[in-house]
1. Can you find, within region 50-61, the residue that is least open to solvent (accessible area, probe 1.4 Å) among those that are among the aliphatic types (A, V, I, L, M) and over 20 Å from the mean Cα position of the chain (by Cα)?
2. Considering only residues that are over 29 Å from residue 179 (Cβ atoms), open to solvent by less than 10 Å² (accessible area, probe 1.4 Å) and in a loop (DSSP other than H, G, I, E, B), which ones fall in region 13-49?
3. Tell me which residues, restricted to region 73-128, are open to solvent by less than 30 Å² (accessible area, probe 1.4 Å), in contact with a helix residue (DSSP H, G or I) (Cβ under 9 Å, 6 or more places away or on another chain) and among the small types (Gly, Ala, Ser).
4. Can you tell which of 164, 193 is loosely packed, with under 14 Cβ neighbours inside 10 Å, closer than 26 Å to residue 104 by Cβ and at pLDDT below 90?
5. State whether one or more residues within region 172-181 are under 19 Å from residue 1 (Cα atoms) and buried (at least 17 other Cβ atoms within 10 Å of the Cβ).
6. Please tell me if residue 147 is free of Cβ contacts under 8 Å to residues at least 12 places away in the same chain, part of a helix (DSSP H, G or I), farther than 19 Å from residue 18 by Cα and open to solvent by 10 Å² or more (accessible area, probe 1.4 Å).
7. Scan (1) within 22 Å of residue 143 (Cα to Cα); (2) outside any helix (DSSP H, G or I) for the single condition residue 66 breaks and write down its number.
8. Could you give me the residue pairs with C-beta distances under 6 Å whose first residue belongs to region 17-34 and is over 19 Å from residue 128 (Cβ atoms), whose second residue is assigned to a helix (DSSP H, G or I) and open to solvent by less than 30 Å² (accessible area, probe 1.4 Å) wherever it lies, and which are 6+ apart or on separate chains?
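The values are calculated or read from the model by the stated rules, or taken from the named source; none is laboratory data. This structure is a prediction, so every number in the text was calculated from the model and none was measured. FYI the Cβ positions are ideal-geometry reconstructions off the backbone, even for glycines, and counts take in every protein chain you see. Only protein heavy atoms, including side chains, enter the accessible area calculation; ligands, DNA and RNA are left aside. Shrake-Rupley method; radii C 1.70, N 1.55, O 1.52, S 1.80 Å.
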Amino acid sequence: MIILGLTGSLAMGKSNVARHFRARGVPVHDADAAVHKLYEGAAVAPIREAFPGAIVDSKVDRKKLSALLSGKEQWQKLEAIVHPLVRQEKEKFLQAAQDKGMRLVVVDIPLLFETGGDKDCHAVLVVTAPFEMQKQRAMKRAGMTEEKFNAIVAQQMPDAEKKRRAHFIIDTSGPKSATARQVDAIIRAYSGR
């Protein structure tokens, strides 16, 4: 089974690419979705202990947690809690796909390189777009501010470095049909479809 790592910085079009893989029958593990699930389950107790005030109604309140993440040490503390739990979810996903006899699976991990997750992949696909387009897309998101955008981008590996380390690059600045054709070419290369 081929494990394709899917990554890209904020607002580069990664979700659209992941949707296209799913639509073509390729299983996709979404690390962000796994985090959302963990914030209502297994991550609640350790986050309550590490970040008092971040839990509301037995769930992690992302806005309250975000307000408590003022520096690198706090981010590292959160990552030490969340990343191992997300890895466990990914392993369950991979085992289920293996059991179903899948030839290709995608692991959608925004911080793939930053967390060393690329070492667990046979190949890496980086989704990219020009910086101004990225910023325009990001600023349309609810609750996004210039300060928040800059903080998120600063946490992530630069786009140029991601592209340098990629096996495949999909530029999402064109029409969605062009993005879809690029995804289809990767699927054909790995699964013979």
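1. Kept after step one, since they are among the aliphatic types (A, V, I, L, M), are these residues of region 50-61: 50, 54-56, 60.
Among the residues that remain, those that are also over 20 Å from the mean Cα position of the chain (by Cα) are: 50, 54-56.
Working: 50: 27, 54: 0, 55: 34, 56: 54 Å².
Out of the qualifying residues, it is 54.
2. 43
3. Listed by number, the residues that qualify are 117, 123.
4. Values: 164 fails: at pLDDT below 90.
Matching residue, one of 164, 193: 193.
5. In the first step, residues of region 172-181 are kept if they are under 19 Å from residue 1 (Cα atoms); the result is none.
The answer is no, given that none of the residues of region 172-181 is under 19 Å from residue 1 (Cα atoms) and buried (at least 17 other Cβ atoms within 10 Å of the Cβ).
6. Working: free of Cβ contacts under 8 Å to residues at least 12 places away in the same chain: yes; part of a helix (DSSP H, G or I): yes; farther than 19 Å from residue 18 by Cα: yes; open to solvent by 10 Å² or more (accessible area, probe 1.4 Å): yes.
Yes, satisfied.
7. (2)
8. From region 17-34, the pairs are 24/187; 27/97; 29/90; 34/86.
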